[in-house]
Amino acid sequence: MTQNKFYLISLGCAKNTVDSDSMAQLLYRAGYEPVNTPGDAGVLIVNTCGFIDPAKEESLQILGELADKKQKGQILIAAGCLTQRYGAQVAKQVAGIDGILGTRRWMDIVEVVNTLREGKHPKPLYHLPDVQDVGQDDAGTLRVSMQGASAYLKIADGCRRPCAFCAIPLIKGTAVSRPMGHVLSDARALRDMGIRELILIAQDTTDYGHDLGIKDGLPQLLERLVLEVPEVDWIRIMYAYPGYVTDHLIETMAKHKQILPYLDMPLQHAHPQMLKRMRRPANMDWVYRTIAKMRAAMPDLAIRTTFIVGYPGETEKEFQTLLDFIEEIQFDRVGAFQYSFEQGTASESLGDPIPPEVKQARWDRLMEAQQKISLSRNQAFVGHTLDVLVEGSGDGITLGRSYRDAPEIDGMVMIEGSIPPGEMIPVRITGAMTYDLTGDLAGDFEEV
Ligand code: SF4
């Protein structure tokens, strides 16, 4: 174990991974070296997730394991969303935690480590920015997380939406956009590092710029990105909020080949009464119209969405409306969650009345229905040629992603052969599975 080495484990979503990477950048600049084995590190950091129960349990379990194996002279810091919500309880529950850092205080990591190194006990840092905090404090770090030839680029943090089931505004505070200049400078840095795919993330990317006085900020940012980094092959948009996918955004996506015809737009349900109870946009006519508009403007559009089953009071009739809706719309990608009761949220008072077995049965029915849809959407690509960004290869099989596949959550394209990661290759699709495609190399590929 060496004092100036750190071991950082990042849990939860890509937005948390960006915070972890920024902490790593700050520690590295302060003379600390990253290691992959906790036993070799003087500083142990867990960037926790506190979104829903399973994530909280995983965070506590990993903190507990590291605390149990802690050697003399090692320090253990709990950071992220779980500590933002339950810092004091976490410190009580897991003996051996030396420092607590809230999710929006990642930039204080070096100060916390140094204070602990001096044998002092830093007070937990939680405070959230408020609306006056125009522009996030990037602490001079790139607010990105690189994954091979792809990179997540955080454009904002926090959320101001009223969704009744969601604890994120409690954890992250209100939505604060990063100044456009900072986002563009990160994009240029990633371009210079040879990144081929930029994945724009925030809790709600469609709210970008509202606090910077920029109307419809996301399409404006996209136009600037296309001008600034034309060398980057793909720009992908995640986490769009229904109701804020504007005509301007659709036009901008359709106008630029660099902006992928892919949109992740969590809808959460399809029954207007249920959506009202969830405090989610409930205008289903808007949803139908906007999806039709997007598909007209981008015929190859791939749509990803997310639904919650088992929200308090969900009737069989309301659930059936959701099933009918996905049958009708035929989404490319669907993520589904069983409702998780969350303290402090607007739906806390509703309790958690839907029995777990009913939630599970509805989740199974929804995923079963979507698997048939996903297969038929995939089958439509057999015989077509898609550009595929190679992620890796092994045992004579190369794995990559097409424009329809966001990293970690969507499908893959498999071809025979061994092609280096980061290559963009044309693949003729020969087969379709529920989530993945198979194909053959359809020509030469661009050397990076
Ligand atoms: S928009 Fe997303 S992050 Fe924001 S409150 Fe709703 S579910 Fe939570």
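The values are calculated or read from the model by the stated rules, or taken from the named source; none is laboratory data. These numbers were taken from a predicted model, which means no experiment stands behind them. Methodologically, a virtual Cβ is constructed for each residue, glycine included, from the backbone with ideal geometry; neighbour enumeration extends over all protein chains shown. These accessible areas exclude ligands, DNA and RNA; they are computed on the full protein's heavy atoms, side chains included. Shrake-Rupley method; radii C 1.70, N 1.55, O 1.52, S 1.80 Å.
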Pick from 99, 50, 80, 73: which is surrounded by 24 or more Cβ atoms within 10 Å (Cβ to Cβ) and at positive phi? 80
Give the residues of the stretch 136-188 that are open to solvent by less than 30 Å² (accessible area, probe 1.4 Å) and at positive phi, sorted by residue number. 158, 173
Any idea which of 227, 221 is away from the ligand (no atom under 15 Å from the Cβ) and free of Cβ contacts under 8 Å to residues at least 60 places away in the same chain? 227
Tally time: how many residues in the stretch 288-309 are within 16 Å of the ligand (Cβ to nearest atom) and either in contact (Cβ under 8 Å) with a residue 60 or more places away in the chain or over 22 Å from the mean Cα position of the chain (by Cα) (or both)? 2
Enumeration of residues in the stretch 250-269 that are within 16 Å of the ligand (Cβ to nearest atom) and of a type in the set (A, V, I, L, M): 263, 265, 267
In the stretch 371-407, anything open to solvent by 60 Å² or more (accessible area, probe 1.4 Å) and either in contact (Cβ under 8 Å) with a residue 12 or more places away in the chain or aliphatic (A, V, I, L, M) (or both) is listed as 371, 377, 379, 380, 382, 384, 385, 387, 391, 397, 399
Considering only the stretch 169-192, I want to know if a residue exists there that is more than 11 Å from the ligand (Cβ to nearest atom), within 22 Å of residue 29 (Cβ to Cβ), in a loop (DSSP other than H, G, I, E, B) and not assigned by TED's automatic domain parsing to the domain that holds residue 81. yes
Within the stretch 319-372, count every residue that is part of a helix (DSSP H, G or I) and within 22 Å of residue 303 (Cβ to Cβ). 21
